[in-house]
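Below is one structure, written out as structure tokens, with a few remarks after it.
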Amino acid sequence: MGLTLTWLSVIILIPLAALFLKTFELSLDQFWGVITSRRTLNALKISFGLSFAAACVNLVMGTIIVWALVRYRFPGRRLFDAIVDIPFALPTAVAGVALTQLFAQKGWLGAPLAELGIKVAFTPIGIFVAMVFIGIPFVVRTVQPVLIDLDVEIEEAAASLGANRWHTVFRVILPSLIPALLTGFALAFARAVGEYGSVIFIAGNLPNVSEIAPLLVVIRLSEFRYADATAIAVVMLVASFLIIFLINRLQRWAQARIPVH
Amino acid sequence: MSMQTGLATSTTQLRTYAPSTDVSVAAPAPRLEIARGRSTAARQNPRTEPGPIRFVIIALAVTFLSVFVVLPLVVVFASAFSKGVGAYFAALAEPEALAAIKLTLLVAAVSVTLNLVFGVVAAWAISKFEFTGKTFLITLIDLPFSVSPVISGLVFVLLFGAQGYFGPWLQAHNIHILFAVPGIALATIFVTFPFVARALIPLMQEQGTQEEEAAISLGASGLQTFFRVTLPNIKWGLLYGVLLCNARAMGEFGAVSVVSGHIRGETNTMPLLVEILYNEYQFVASFAIASLLAMLALITLVVKTVLERRLDETEVPDGD
């Protein structure tokens, strides 16, 4: 017990306390000044905005993937099931260079896209692509167990009572998946906001255009502007705490809503 | 009969289709007849979608996963071997590459060992004892999962950096933490903190304390109980946690990047070297290192799948 607490304090509590102590060294005006400077605001806007968009894509594609993996039998299904975990397992720097190479102007996907006039690498679209990549396992792995456990009898009852498949899916099955879907969405969103390694290679990192908030933290640190870096970090941290809080509420809501069989 | 239980657990949406109070009869109301007539195909097999829709959904899922997940992985190996096998191995034999591989192995060994010990103790404390502040403890253990890796690195700069809280003292005593191996190890321990404990807590909670109590009442000492009773029960879960912890420790980029200082040949781990070489347009060398990390990820996934099957098996016989 004592060992647990000591280790926990050394590794987690003290470092986090340092973060907040450092923030309190700033006056409120200074803090506000850092946060509302044009470059910081733009970085936060890019990070949160693109993360939200990527999480939306993950929500839709994640649902489709889960549905295919759980409900249908097709060749290679188990392989694709395992493949979903690759963004979890692949080190972020490797994902970053791989996606950049893939979507660069001469890359396998970048070249055909360039002919269509779409530039992905070194633009905000690149950031979005990287965020979609890292977020997809969150939605799939959160929803998958819920869809597997879903009571088949509900569907049979709906069908036997005359509901067509469309109605059964959208009015019976999807509503029971909503808590898991929202949790997956929030997890993907939170991960994308904090993501660094897989984004910075493909981003282009142009201030105010394609510079994400975590990168700005790193830049301020390398300029020895610790206070600035800390202020941005605290905003990101508070935002992720809010997201975690929301996730916990959603899960409690889900447990209360789905009856135990 | 099955229909009754189904309806008993149905959602409110479903009740709009069964407005009658006597649900066991389920006589089709006139408007349900309309619904029937609309979709004869769906009626034939009420549990699945029509063939074309099924095909589209599978095609979408497979295409998305192939383009966004498989293709990047293929690119890593294709680029690594783009100048031939000779160039690939030459890149890996560079002193810089070897130094990075050695450092990565060292950091992973240190952080996995420490987090292994802590993870077992923490999971033990949380699952076998009742105490106040338990939820808070679990939240703290989970925290590194939800913090941006960059922030994980930043906190150590704030502690040990030149302007940090312990910076001046460390400088006076000539101790190097930041931009040196101890800093890299600390940041790695921070980000891999939750893995072992997280893998063990549900397992140990499920197993309860009965077997341990029996062992102690039969005269076993605390340590004997742990090594003879608890450890065999949790070995697969423990391996699972160590596996994921190790994968993350070797692959961590953001946190390590902030604290490492990028001193060539000294404080560059493999992921950091991937970045440096890539930015220097040494693509073959960069992707050669990246391919090692990608292989680590693939092996991790395979072992993980095997372990998950083992965990499921161990849960079945005593899962009452």
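The values are calculated or read from the model by the stated rules, or taken from the named source; none is laboratory data. Model, not experiment: these values are computed from the prediction. Glycine also receives a Cβ, built like all others from the backbone with ideal geometry; neighbour counts cover every protein chain displayed. In case anyone asks, the SASA skips ligands and DNA or RNA and just uses the protein heavy atoms, side chains included. Shrake-Rupley method; radii C 1.70, N 1.55, O 1.52, S 1.80 Å.
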For the pair A and B, the solvent-accessible area buried on both sides (1.4 Å probe; DNA, RNA and ligands excluded), in Å² to the nearest hundred, is 8500 Å²
So for the pair A:A111, A:I148, with labels modelled 7 Å out along Cα→Cβ, what separation do we get in nm?
4.1 nm
Whole angstrom only: what separates the Cα centroid of the range A:50-129 from the Cα centroid of the range B:192-221?
40 Å
Output the Cα-based Rg and Dmax of chain A in Å, rounding Rg to one decimal and Dmax to a whole number.
21.6, 68
How much length, in nm to one decimal, is gained on full extension between A:R71 and A:K119, taken as 0.36 nm per residue of separation minus their Cα-Cα distance?
13.6 nm
Quick one: Karplus J couplings for the range B:133-148, per residue in order, coefficients 6.51, -1.76, 1.60, θ = phi - 60°, nearest Hz, x for Gly and Pro?
x, 4, 4, 4, 4, 5, 4, 4, 5, 6, 3, x, 5, 9, 9, 4
So, in nm, how far is label B:H176 from label B:D142 when the simple model puts each one 7 Å beyond its Cα toward the Cβ?
4.0 nm
With springs connecting C-alpha atoms under 10 Å apart, model chain A as a Gaussian network and identify which of A:A180, A:A227, A:A114 has the largest mean-square fluctuation.
A:A114
In Å², and per residue, what accessible area does the range A:1-40 have when probed at 1.4 Å with the other protein chains present?
59 Å²
Kirkwood hydrodynamic radius over Cα pairs of the protein assembly as shown, then Stokes diffusion coefficient at 25 °C and 0.890 mPa s, in µm²/s:
94 µm²/s
Per-pair calculated FRET efficiency, R0 = 45 Å: B:V74 and B:E206 via Cβ, rounded to 0.05
0.65
For A:8-21, what's the mean count of beta carbons from other chains sitting within 10 Å of each residue's beta carbon?
6
Compare the peptides B:93-106, B:62-75 by average per-residue count of other Cβ atoms within 10 angstrom and give them in order, highest first.
B:62-75, B:93-106
Semi-axes, largest first, in whole Å: what does sqrt of 5 times each Cα gyration tensor eigenvalue give for the range A:41-85?
32, 10, 5
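Can you give the local net charge around A:Y72? Use residues other than it whose beta-carbon is closer than 10 angstrom to its beta-carbon, Lys and Arg +1, Asp and Glu -1.
Around A:Y72, the surrounding residues sum to +3.
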Quick one: check the C-alpha center-to-center distance for the range A:22-48 versus the range A:193-241, whole angstrom.
11 Å
For a Förster distance of 56 Å, can you work out the FRET efficiency between the beta-carbons of B:H262 and A:E156, rounded to the nearest 0.05?
0.40
Quick check on the protein assembly as shown: helices-only [θ] at 222 nm, where DSSP H runs of length 4 and up contribute -39,500 (n - 2.57) each and the sum goes over total residues. Nearest 500, please.
-23500 deg cm²/dmol
Which distance in Å, rounded to a whole number, links the C-alpha centroids of the range B:52-104 and the range B:149-168?
34 Å
Got a sec to turn the phi values of the range B:171-179 into Karplus ³J(HN,Hα) couplings, 6.51 cos²θ - 1.76 cosθ + 1.60 with θ = phi - 60°, whole Hz, x for Gly and Pro?
5, 4, 9, 6, 9, 9, 10, 6, 6
Where labels lie 7 Å past Cα in the beta-carbon direction, separation of B:V306 and B:R54 in nm
3.5 nm
P(r), alpha carbons of the range A:127-261 - 5 Å bins starting at zero, rounded %
2, 9, 15, 15, 15, 12, 9, 8, 6, 5, 3, 2, 1, 0
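On full extension of the chain, what length is gained from A:R249 through A:C56, given 0.36 nm per residue of separation minus the C-alpha to C-alpha distance?
Values: separation 193, 0.36 × 193 = 69.48 nm, distance 2.00 nm.
Fully extending the segment from A:R249 to A:C56 adds 67.5 nm.
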